[in-house]
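Have a look at the structure below before the remarks.
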């Protein structure tokens with residue numbers, strides 16, 4: 001994980017900077033047919049709400065809490081072995097989701113989440129992230145999984161470079 005000016009976990013975040021980044025993401029993402037924006041905790045919660053609000057889409061949040069109800073989708077967030085798996089509830093089979101993350105580094109969490117969603121009959125092929133720090137191996141993993149990543153800012157030479165501020 002990386003501390004960035006868009007992650008309120010490591011210090012105050014100014015909403016104007018987040019709003020500008022969200023607008024950049026919305027210029028890149030294809031929202032046609034997207035029913036829900038899904039935030040992966042904990043860093044993806046605030047950006048997912050901001051993207052959902054700006055795009056007029058409902059927001060679902062993954063959580064460490066697993067409700068004892070049918071239809072829960074579970075995935076592993078690989079870098080977070082302490083808290084265990086994450087769970088998504090309330091996204092119906094056949095829905096189309098846009099995942100929103102604060103950062104993508106290896107792409108493994110996103111891939112795990114997308115695979116679990118697809119196995120549950122939920123469509124997902126796009127991820128919007130505030131910060132992309134992956135390398136060519138990350139790009140390759142995501143391409144092989146059929147996932148398009150859109151980033152507001154990036155430290156990767158092969159990805160779209162957009163400064164913040």
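The values are calculated or read from the model by the stated rules, or taken from the named source; none is laboratory data. Predicted, not measured: the structure shown is a model, and the values here were computed from it. Heads up, the Cβs are rebuilt from the backbone with ideal geometry, glycines too, and the neighbour counts pull from every protein chain shown.
Within region 8-19, residues that are closer than 16 Å to residue 152 by Cα have Cβ atoms under 9 Å from residues that are at pLDDT 85 or above and surrounded by fewer than 16 Cβ atoms within 10 Å (Cβ to Cβ) in these pairs: 19/54, counting only partners at least 6 apart in sequence or on another chain. Listed conditions (1) in contact with a helix residue (DSSP H, G or I) (Cβ under 7 Å, 6 or more places away or on another chain); (2) more than 22 Å from residue 114 (Cβ to Cβ); (3) at pLDDT 95 or above are all met by residue 55, apart from (2). Give region 16-35 a look and list any residue that's touching a helix residue (DSSP H, G or I) at 6+ places or on another chain (Cβ under 8 Å) and farther than 15 Å from residue 129 by Cβ, or say none. Within region 16-35, 19, 31, 34 qualify. Applying a threshold of 6 Å to beta carbon distances and a minimum spacing of six or more residues, or different chains, the list of pairs starting in region 24-49 at a residue that is in contact (Cβ under 8 Å) with a residue 24 or more places away in the chain and ending at one that is buried (at least 20 other Cβ atoms within 10 Å of the Cβ) and part of a helix (DSSP H, G or I) reads 37/48; 37/51; 37/52; 39/48. Within the bounds of region 144-161, is there any residue that is in contact with a strand residue (DSSP E or B) (Cβ under 8 Å, 6 or more places away or on another chain), modelled with pLDDT of 95 or more and not in a strand (DSSP E or B)? Among the residues of region 144-161, at least one is in contact with a strand residue (DSSP E or B) (Cβ under 8 Å, 6 or more places away or on another chain), modelled with pLDDT of 95 or more and not in a strand (DSSP E or B), which makes the answer yes.
Among the residues that make up region 123-134, is at least one of them over 15 Å from the mean Cα position of the chain (by Cα), at pLDDT 95 or above and either surrounded by 14 or more Cβ atoms within 10 Å (Cβ to Cβ) or closer than 17 Å to residue 34 by Cβ (or both)?
Initially, region 123-134 is screened for residues over 15 Å from the mean Cα position of the chain (by Cα), giving none.
Among the residues of region 123-134, not one is over 15 Å from the mean Cα position of the chain (by Cα), at pLDDT 95 or above and either surrounded by 14 or more Cβ atoms within 10 Å (Cβ to Cβ) or closer than 17 Å to residue 34 by Cβ (or both), which makes the answer no.
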